[in-house]
Each structure stands twice: as structure tokens, then as C-alpha cells.
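Chemist: This is the structure, below, for whatever I ask next.
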Amino acid sequence: MDIFGNNTNGVISSSHPSGNNNIALYDGVSGDIIKDSGIPISSIGATGSIGATGPQGNTGSQGIQGNTGSTGPIGATGSFPANTYLPLAGGTMSGIINMGANNINNVSAITTSTQVVNIGFTNTTAGVNSVSIGALNSSGASSGESIICGNNINTSGSVNGQCIIYGNNNTDSNSAGGSFIYGLSNTNGTGQRNILIGRNITVPNGVNDAICLGFSASNSISNSLVIGNANQANIRPGSNGICNLGILSTNQFNNLFAQSFDSSGAITIAPTSATSLDLGRSAINTTINGIAITTIPYGSWYSVTNYSPVFTANINRLTPPTTVSSGLLSLFSHSLGVLTYTGTRTRTFMVDYNITFTSGPSTSSMTFFNSINASTTLGTTQSVIKYQVTAINNANQIAVHFSDIISLNTNDTIQLAGASALTTSAVVYNFISCNIRGLLN
């Protein structure tokens with residue numbers, strides 16, 4: 001076996017290509033024998049010192065990748081510096097949150113740290129227990145307990161607040177609170193507890209408990225209601241026969257003032273389908289300038305057969321018919337020519353009598369009047385002579401008519417009465433009718 005050296009890496013090989021048992025130098029790159037010393041192996045002396053390290057050879061090819069090692073233990077949990085984030089579980093903010101034009105969704109409730117809620121753009125809300133929602137709203141320090149929603153609403157002049165205002169460009173300067181304003185460009189002065197609903201409505205200073213509805217309306221009277229402006233054409237219900245003005249006995253209107261109800265100045269109350277009409281109430285006076293005439297009488301009757309009352313000269317007497325038929329009755333009851341007033345307060349009526357009779361003795365005269373409570377005593381205002389026929393020709397049939405205005409209390413009665421200038425039994429009443437057709441209060 002030969003010993004040879006590699007001049008590239010100095011490796012001692014156990015084989016030699018030359019086949020000699022000598023020490024030789026062998027070039028492992030080219031495969032050439034550089035030098036054969038011819039020195040037998042047995043003659044090799046002591047090992048010499050290691051020579052200087054030769055230059056590094058080329059990097060060899062990468063070996064096969066080894067197996068993946070086991071996972072190491074989990075490291076300790078890290079932490080953020082204190083007061084630099086808001087935990088998902090909640091916490092206390094120390095600065096302003098800028099949402100960057102994003103929404104806040106699924107909010108259950110918003111609770112403030114003070115008694116003032118201000119949501120919107122450039123609002124000024126200083127009053128305690130107040131809410132302002134919108135933009136450019138302004139309220140003073142005394143405008144407490146108010147709710148303001150809208151744009152450019154000004155309550156800075158309010159002394160006590162306590163108002164609810166919704167809309168745009170509304171102004172409230174109430175002195176004691178309680179205003180309610182809804183709409184656009186409405187102005188309430190220093191008055192309190194006023195209600196303004198609509199647009200361009202004005203309630204001036206010092207007006208209290210006023211209500212004003214509509215467009216460009218103004219109410220300058222306390223404790224009053226104004227609906228609409230000067231151009232308001234009418235106020236009407238949605239359909240016929242449904243809406244009432246007031247409630248009988250509990251919520252009745254007091255006075256009704258009207259300039260004109262139609263082009264002729266006439267008013268119609270209760271159409272032909274109405275079954276009753278009451279004007280006025282107990283303990284008040286209802287004044288009618290002129291005469292109220294109804295097409296439906298309050299009380300009426302007429303005689304059915306002739307009858308002949310007996311007269312003593314110049315002695316007044318009652319002249320009830322013997323057979324009679326009742327007509328329409330309202331506020332009255334009837335029995336044999338006697339009408340009894342059943343109303344609950346004093347009223348004034350107009351009563352009409354129509355009389356057809358056949359005269360008695362020639363040159364006699366007859367007088368007729370309305371008797372109240374069966375009285376035959378003539379007075380200055382009640383039971384006065386209303387018609388007189390003089391110089392009657394014998395056996396002539398005469399028709400007369402007269403009216404009377406009478407004031408009646410509950411259970412008062414009225415009936416026909418008369419007198420003859422001569423004692424006679426020859427006067428025949430052919431037909432008599434009575435009709436109370438006018439209610440004057």
C-alpha cells in the first residue's frame with residue numbers, strides 16, 4: 001500500500017494509483033502523480049510539524065434537512081402601558097373620541113354625567129335638566145327643564161325655561177315657563193304657558209295661556225284660541241251631523257258672536273232633520289234683538305167643533321174650547337186649550353191666536369187677550385187686550401188674529417180669554433188655534 005498526499009486538502013489516502021510502496025505526492029484534482037519520492041514507507045522518519053493551514057476549499061452541497069424540533073413553551077402575556085386604551089369590558093375615557101364620520105350602532109341607552117344633554121352642531125345648552133338636539137340652538141342659563149329639537153332655536157331670553165320647542169327658527173322668551181312651540185319661525189314673547197303650532201305665528205309680550213294655530217296668525221289675548229289668519233275661510237267638521245260645539249250640561253259655550261252667516265246675514269240653526277233645539281241654559285239670560293221665529297212651534301192646539309161661551313157684559317172670562325186637538329209640543333204640555341210651560345228656567349215667547357167667530361147682538365163689541373195662569377185681571381205687561389172688534393153686525397162671521405209676547409216660569413199656563421160689551425150667549429166660536437212660535441231668550 002502506498003501513502004500519498006493530496007496537494008489540495010492534505011488528506012492521506014489509503015490507496016495509491018501508482019501501485020508502488022513508496023511515498024508519493026498525488027494531485028487529487030488532476031489525478032497526476034506530482035512526485036514519487038522513491039522512499040520506502042519503512043524509511044519514514046518522525047512526523048514533522050503541521051504546516052500552515054491551506055486556503056479554504058469550496059462550499060459543499062447542502063445536506064439533508066433534519067427533523068423539526070418540538071414546540072417551545074408559551075411566553076408570558078404582554079401588557080399595554082396604563083391609560084392608553086379602552087378595554088372591551090368598558091372603562092372611563094379621559095379624552096374626546098373622534099369617530100371619523102362613522103356611526104355608533106346598537107346603543108341601548110345614553111347616560112350623561114350632568115343634567116344637560118347636547119347632541120348636534122354648535123348648540124348652547126346651559127339650563128339644568130335640558131335637552132338640545134340639532135344645530136345652532138341657543139338657550140340661556142335660566143332656560144332649564146327644556147326640550148329643544150331642531151335648528152336655530154333661541155330660548156336665551158327665557159327667564160324660567162320649562163318649554164318644549166320643535167322645528168326651525170323658533171324663539172321663546174317666556175317669563176315663567178310652560179311654552180310649547182312647534183313649527184317654523186314662530187315667536188313667543190314673555191307670556192307663559194302659550195301654545196304655538198304652525199308657521200310665522202306671533203304671541204306678543206304679556207299674553208298668557210294663549211293658543212295660536214295656523215299660518216301667519218297672531219294671538220294677543222290671554223286665555224284665548226286663534227285658528228288661522230285673516231284669510232281663513234271656514235271651520236268645518238269632516239262630515240255632516242257628527243261634530244258638536246260643546247257638551248250639554250258640562251262643557252257648554254258661553255257667547256256666540258257672528259258678523260254674518262251668509263250673504264243675507266241669516267243664520268240657520270238646526271236643519272229640517274233636527275228633532276230639538278235648545279238655546280241658553282239655566283241662570284243665564286239670552287238676548288235676541290228682534291224676534292226669533294221658528295217654523296216648528298213650541299206648543300199648539302186647535303178647536304175641532306163650534307162652541308158658544310156665555311158672556312156677562314164687560315166681565316172678562318176664560319174661553320176654553322170643548323173639543324180640541326193638540327199640535328206639536330216642545331217645552332209645553334196641553335189639555336183642553338191650556339198650554340203649560342215645562343221648561344226649567346224663565347223664558348220669553350211669542351204666542352199667536354187665530355179666531356173665527358159669529359157675532360152676537362148688533363152694535364156689540366168683543367175683546368180678546370191671552371190669560372196667564374188662568375187670570376182674568378188685565379195688567380200692564382201681561383194679560384192685556386190684544387184685539388178688539390167693535391160695532392159688530394148681527395150674524396156676521398169674523399176672523400181675527402193677534403199676537404202676544406209673554407214671559408213664563410216653570411209650570412205657568414196660558415189660554416184664551418175675552419169679554420163682550422153685552423151680556424149674551426149668542427157668540428159662536430167657529431174655530432180657534434193657538435201657536436207658540438217664537439222663543440225670544
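Chemist: Could you count how many residues in the stretch 351-376 are within 21 Å of T423 (Cα to Cα), at pLDDT 85 or above and open to solvent by 20 Å² or more (accessible area, probe 1.4 Å)?
Modeler: Adding up the residues that qualify gives 3.
Chemist: Of the residues T348, T344, T356, only one is farther than 17 Å from I414 by Cβ and either in contact with a Gly (Cβ under 7 Å, 6 or more places away or on another chain) or part of a strand (DSSP E or B) (or both); which?
Modeler: Step by step, each of T348, T344, T356 is checked, and only T356 is farther than 17 Å from I414 by Cβ and either in contact with a Gly (Cβ under 7 Å, 6 or more places away or on another chain) or part of a strand (DSSP E or B) (or both).
Chemist: Tally the residues that are open to solvent by 100 Å² or more (accessible area, probe 1.4 Å) and closer than 28 Å to V207 by Cβ, restricting the search to the stretch 226-246.
Modeler: Residues in the stretch 226-246 being open to solvent by 100 Å² or more (accessible area, probe 1.4 Å) and closer than 28 Å to V207 by Cβ: 5 in total.
Chemist: Select, from V203, V226, the only residue that is within 20 Å of the chain's Cα centre (by Cα) and either more than 29 Å from S130 (Cα to Cα) or among the aromatic types (F, W, Y) (or both).
Modeler: Going through V203, V226 in turn, just one is within 20 Å of the chain's Cα centre (by Cα) and either more than 29 Å from S130 (Cα to Cα) or among the aromatic types (F, W, Y) (or both): V226.
Chemist: Right, next: Quick check on the stretch 404-417: of everything there that is surrounded by 16 or more Cβ atoms within 10 Å (Cβ to Cβ) and modelled with pLDDT under 90, which residue is farthest from the chain's Cα centre (by Cα)?
Modeler: It comes out as D404.
Chemist: If you don't mind, another one. Does any residue in the stretch 301-312 that is within 21 Å of S326 (Cα to Cα) come within less than 8 Å, Cβ to Cβ, of a residue that is of a type in the set (D, E, K, R) six or more places away or on a different chain, and which pairs are these?
Modeler: Correct list of pairs: P309/R317.
Chemist: Can you name every one of the strands (runs of 3 or more DSSP E) wholly within the stretch 128-224 that holds 1 or more residues which are open to solvent by less than 60 Å² (accessible area, probe 1.4 Å) and under 25 Å from F253 (Cβ atoms)?
Modeler: Filter on the stretch 128-224 gives 195-199, 211-215.
Chemist: Can you find even one residue in the stretch 117-128 that is in contact with a Cys (Cβ under 9 Å, 6 or more places away or on another chain) and among the polar types (S, T, N, Q)?
Modeler: No; the residues of the stretch 117-128 include none that is in contact with a Cys (Cβ under 9 Å, 6 or more places away or on another chain) and among the polar types (S, T, N, Q).
Chemist: Okay, next question. Among the residues in the stretch 323-332, are any farther than 27 Å from S425 by Cα and at pLDDT 90 or above?
Modeler: Within the stretch 323-332 (the criterion being farther than 27 Å from S425 by Cα and at pLDDT 90 or above), the answer is yes, since at least one residue qualifies.
The values are calculated or read from the model by the stated rules, or taken from the named source; none is laboratory data. Keep in mind that this is a model prediction, so the values were computed, not measured. Here the Cβ is made from the backbone with ideal geometry for all residues, glycine too, and neighbour counts use every protein chain on show. Protein only, heavy atoms only, side chains kept; ligands, DNA and RNA dropped before computing areas. Shrake-Rupley method; radii C 1.70, N 1.55, O 1.52, S 1.80 Å.
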